[in-house]
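Structure first, then comments.
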Amino acid sequence: MLIRKSILLVSLLSLTACSTYTPQRYSISADNNVALKTIEANNIYVGNFTGPANFSNACRAAGPIAPPDNMSFEAYLQKALADELKVAGLYDDKTPSVTLTGSLEELSFSSSRGLTGGTWDLSLKVESSNGHSTHVSEHYEFESGFIADTACKQTAEAYFPAVQNLIGKLVTSPDFKKLVGSNL
């Protein structure tokens, strides 16, 4: 009888195991690309980004949210900025004029704003090797859902547009030109 109960318990636990919810890989924003192409700078390198001291990626009791390809959230953001610069023709990892590094100071989400809504809150400090720095933040709202599985899936998927918006705020900021050495 004990063996039968043990098998039943293991079977039940395996059926209720957590899923990992993953945002899609980053893809370029047309608006960000247009904004970057107006900047009179080039040879920009993106160095390391660091993450916040405290962050929980647990989404309800359904499972964690984790970026694709075993990346951290800050590495996802770092790669996103580098990809935007590459497509705009401004990136150079061989002979950079400036190196941008970042600190993701706030990273949080909610999958239950107003019961069926969600939010991502991102705050990023970017520093340039030329001595300039700036700070941008994004509060991104989206529809998540009532059921945990759906809400967590929607929350993971919302990280991608939240990052696009954050990068958009960075590259359209007047301070960005100072970061990359243009129009000092």
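Points worth noting:
- Angle in degrees between helix 73-87 and the longest Cα principal axis of the chain, rounded to the nearest 10: 40 degrees
- Each of Cys152, Ala35, Asn165 was scored by the projection of its Cα onto the charge dipole of the stretch 24-179, and the greatest displacement toward the positive side belongs to Ala35; charges sit on the C-beta of Lys, Arg, Asp and Glu.
- Helix axis angle, 2-15 relative to the chain longest principal axis, alpha carbon, degrees: 30 degrees
- The loop-placed chymotrypsin sites (Phe, Trp or Tyr not before Pro) in the stretch 99-163, going by DSSP, that have at most 16 neighbouring Cβ atoms within 10 Å of their Cβ come out as Phe146.
- Normalised by 2.2 N^0.38 Å, where N counts its residues, the alpha-carbon radius of gyration of the chain equals 1.24.
- Rounded to the nearest 5, the antiparallel percentage of DSSP beta bridges internal to the chain is 75%.
Since every read-out is calculated from the coordinates, none of them should be taken as a lab result. These numbers come from a predicted model, not from an experiment. FYI the Cβ positions are ideal-geometry reconstructions off the backbone, even for glycines, and counts take in every protein chain you see.
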